[in-house]
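Taken together, the values in this text are just the output of simple stated rules run on the coordinates, not laboratory data. Quantities reported herein were computed from a predicted structural model and do not represent experimental measurements. Virtual Cβ from ideal backbone geometry, glycine too; neighbours counted across all protein chains shown.
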Amino acid sequence: MENQINDGVQNTQQIGQNPVNQPEPIPEKPKVNYWVISTVIFAFLFLGTLGWYFLYASPQNTQKQINNSTIPELPPSGVIENSPSNIQTQQGSGKVAYRMSGTILEGGDVWTSNSDGSGKQKLTSSAHIGWLYSWSPDNSFILASTNEVSQNFVKTDYVAIDTQSGSETAIPVVRGMSGDGNSDFVWIGNKEIAYADENVIYKITIGGQRSEINRIPAEAQAIFYHLNKTASKIIYDTSAPGFSGDMINVFVYDLVSKQKNQISEGGNAYVLGWMGNNIAYQQGKGLWSSSSDGKTKRKLADLEEWYILGSAISQDGNKIFFTADNRGSGKPNQGKVFVYDSKQGKLSEIGNLDKDTFASNLSISRDAGFGGYTLSGIINAPSLTINFANNKSIKLCESSCYYPIWQN
């Protein structure tokens, strides 16, 4: 086809250049009526333009285009649209939940927001939520306690809060004489929770079942335990009323093998929690880690005059976020907040607590990039998030919000 076109052009040029020298007469081509062609083209363009106007450019359709461009199509129910802010929330620190309003006794409602305080949403409306503990592994539920005040008596129950609807489901947590239990709560499934009370390990489900899964023998009994993620091991220290510091050491008990391992020696040792499969604890003026069998120990940092009051450990076990005061230093009492990064081997002071102000209810985000805590020592305390990278703090509320906990 290409050769035919080129030959045609060449022949046309030859004919035009040498009309006299052609041996045979060339028949005259029929004349083209250019006026008719131009008229048809013009009519076609006119009709096309008129059709485009009625289809797209009329006022009704212009409004429709504007509406479609300014109001995006909503995603299906239950689907989070991947806007930049949502992508950051999903892939980064996740959302933080906290209890807002009410008093320490009377409780309030649960709110959620992003790590920078944006995107605030009220989740519950019962006005009786007390303490927030943790999100389920799939973030479908939040474990919380409820406070019902009647004739100066506070009745505490426990609920699983649906993070989509805000509905509350009572769960059968049993507490002994102390009322506080012997351990923190550990999610061992999306709808299953383990905890210790009166030296018994229980499993409870969102559906309302409760069962005993283990008992702690007399040789390993303590005031408080930290369960690992599978509720198969506990760590504890031997602190108790009337015990001097030199009598307090850290132990691990394996509920499966029934083996007890002593982690620290010499006393003055206090458990912080599970650091992955290892154990974090303070002994004397040092921050330490140990394998669960006690065979591998490492001093992480020198704490100098600081005594750890509360801590939160990242999911990957690489960061310890803690608050401490300088009790026993002979100086005016002061509180500070620190983060230890095991990858960098670095202990850093973060935040800026005012005089006579302390941090409590610490938590750490799933990406270990943010911490959360409640200011204590002041009336109607607010909770804050703090960015570990730039040391920037943001208030989640101006007053009366407590117990910040992060998504998994």
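Can you figure out the FRET efficiency of ASN318 with MET247, using R₀ = 25 Å and their beta-carbon distance, to the nearest 0.05?
After rounding, the FRET efficiency stands at 0.20.
Looking at segment 136-287, how many pairs of lysines come closer than 20 Å at the Cα, when each pair is eight or more places apart or spans two chains?
Lysine pairs meeting both conditions in segment 136-287 amount to 9.
Once the piece of chain linking GLN209 and ALA240 is laid out straight, how much longer is it, given 0.36 nm per residue of separation minus the C-alpha distance between them?
This chain segment gains 7.9 nm when fully extended.
Rank these for me by crowding, ASP162, ASP302, going from fewest to most other beta carbons within 10 Å.
Exposure proxy ranking, most exposed first: ASP302, ASP162.
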